[in-house]
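Reviewing the structure listed below.
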Amino acid sequence: MRDMAVIPQELLAWYDRHARVLSWRTPPGGTGADPYRVWLSEVMLQQTTVAAVKSYFERFTTLWPTVHDLAAAEDAQVMAEWAGLGYYARARNLVACARTVAQLGAFPDTREGLAALPGIGAYTSAAIAAIAFDRPETVVDGNVERVVARLFAVETPLPAAKPELTALAARLTPQARPGDFAQAMMDLGATICTPRSPACGICPIIPHCQARAQGIAAELPRKAPKKAKPQRRGTVWIGLTEDAVLVETRPDKGLLGGTLAFPSTGWDGSDLPPPAPADWQELGLVRHVFTHFALDLTVATGRLTATPQRGNLVPLGRFDPSALPGLMRKAWVLAQNPFPATARDNAPPWQTPATRDR
DNA sequence: GTCCAGGCGT
DNA sequence: ACGCCTGGAC
């Protein structure tokens, strides 16, 4: 490559004019970003879009303005506030990380020190080091992989291409303003160099893009073929008394770990019994797609006729469905409104009465 | 409806 | 390499 240094220069000039304004950011060229806010936003942004993160970030920083406040929070309240964001291991690691940092007194200011903390891996450690501590680290997320694959027309499919893309991104990273450069690359990937239909016409570094020159920008990065998701099924029981509902906290490890849930069978063929005797009535089906399988969950409700064998009875006045992950929220909504007209009308008798999604 | 994007831990 | 969730694009 002739002069790689010109690419970051031109990208930073674009970022100075077009940086997205986000509440966890300082303006381009600024310094003194709060490591706590950078860390919190970056963890929320793992696998999650900016649009989805905004309200959660405001809520968390209002409830817990500093890492010490978060370190002192109840686990259950953090899990409840995280509900809906997904990937709940992030919330458990968030609390563990906050407590470690509170013990240390402050966030480590190097990539290596940050990467030793729970929930902080290669991407997040480099991002915090660059953005909050001005370290010239190479920040590689999915946006950066896509931008770099196109700039250099890398044909190797992901994930095998990752080391190659990281090395190319490292050659681009400038010694000055590494945090702004990282955010510029991610803004470019999120707003212009998008996965489908990239807006090459307004790209600030289009003269340097080899994929565009070859007419293959929209086809990169290539990806290894993904495999089909297995279909699984199970039953979830929403048990009621006069004034309470039966819930449980799922085990910390595994699917929906540590979240609030209604008792259910296993979803892989393991066949747990109902959590209590009750006049169980099947209401219908809720469908949900996870990373690695699709789930059809039969929803049953009933009035308990004896003490439950598992779970806890929570008074309906203190039960907040927004503290449930998406799947369980769907089941709750179905139980509130079991017969939507669209699914009920003309349903043949051999089909489930209220089959629907949502 | 279906497809797809997106980091960390193990 | 796989397990982990949701929302937005099509």
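The values are calculated or read from the model by the stated rules, or taken from the named source; none is laboratory data. For clarity, every value in this text was computed on a predicted model and none was experimentally measured. Because the Cβ atoms are built from the backbone with ideal geometry, glycine has one as well, and the counts that use them run over all protein chains shown. Ligands, DNA and RNA are excluded from the accessible area calculation, which covers all protein heavy atoms including side chains. Shrake-Rupley method; radii C 1.70, N 1.55, O 1.52, S 1.80 Å.
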Out of the residues in the stretch A:1-51 meeting the condition of being of a type in the set (Gly, Ala, Ser) and open to solvent by 20 Å² or more (accessible area, probe 1.4 Å), tell me which one is modelled with the highest pLDDT. A:Ala13
Quick one: is A:Val154 modelled with pLDDT under 95, hydrophobic (A, V, I, L, M, F, W, C), touching a helix residue (DSSP H, G or I) at 6+ places or on another chain (Cβ under 9 Å) and in a loop (DSSP other than H, G, I, E, B)? yes
With the condition being within 14 Å of DNA strand B (Cβ to nearest atom), I'd like the helices (runs of 4 or more DSSP H) fully within the stretch A:158-229 carrying at least 1 qualifying residues. A:162-172, A:178-191
Please determine whether any residue of the stretch A:219-231 is free of Cβ contacts under 8 Å to residues at least 24 places away in the same chain and open to solvent by less than 40 Å² (accessible area, probe 1.4 Å). no
In the stretch A:111-125, residues that are open to solvent by less than 50 Å² (accessible area, probe 1.4 Å), more than 6 Å from DNA strand B (Cβ to nearest atom) and part of a loop (DSSP other than H, G, I, E, B) total 1
Look at the stretch A:277-318 and say how many of its residues are within 18 Å of A:Leu256 (Cβ to Cβ) and of a type outside the set (D, E, K, R). 15
Can you list residue pairs whose Cβ atoms sit under 9 Å apart, with the first residue in the stretch A:316-335 being hydroxyl-bearing (Ser, Thr, Tyr) and the second being surrounded by 19 or more Cβ atoms within 10 Å (Cβ to Cβ)? Count only pairs 6 or more apart in sequence or on different chains. A:Ser322/A:Ala83
Please indicate, with yes or no, whether at least one residue in the stretch A:61-76 is in contact (Cβ under 8 Å) with a residue 40 or more places away in the chain, open to solvent by less than 40 Å² (accessible area, probe 1.4 Å) and under 29 Å from A:Val154 (Cβ atoms). no
Working only within the stretch A:164-218, note down all residues that are touching a Lys or Arg at 6+ places or on another chain (Cβ under 8 Å) and of a type in the set (Lys, Arg). A:Arg212
Just give me the residues in the stretch A:126-165 being within 16 Å of DNA strand C (Cβ to nearest atom) and either without any contact (Cβ under 8 Å) to a residue 12 or more places away in the chain or open to solvent by 50 Å² or more (accessible area, probe 1.4 Å) (or both), in sequence order. A:Thr156, A:Pro157, A:Pro159, A:Ala160, A:Lys162, A:Pro163, A:Glu164
Going residue by residue through the stretch A:265-277, is there one that turns out to be among the polar types (S, T, N, Q), at pLDDT below 90 and more than 10 Å from DNA strand C (Cβ to nearest atom)? yes
Could you give every pair whose Cβ atoms fall below 8 Å, whose first residue belongs to the stretch A:189-217 and is of a type in the set (D, E, K, R), and whose second residue is assigned to a helix (DSSP H, G or I), counting only separations of at least 6 or pairs across chains? A:Arg196/A:Ala218; A:Arg212/A:Arg150; A:Arg212/A:Cys200; A:Arg212/A:Ile206
Pick from the stretch A:77-87 the residues that are in contact with a Gly (Cβ under 8 Å, 6 or more places away or on another chain) and open to solvent by 20 Å² or more (accessible area, probe 1.4 Å): which of them is nearest to DNA strand B (Cβ to nearest atom)? A:Gly84
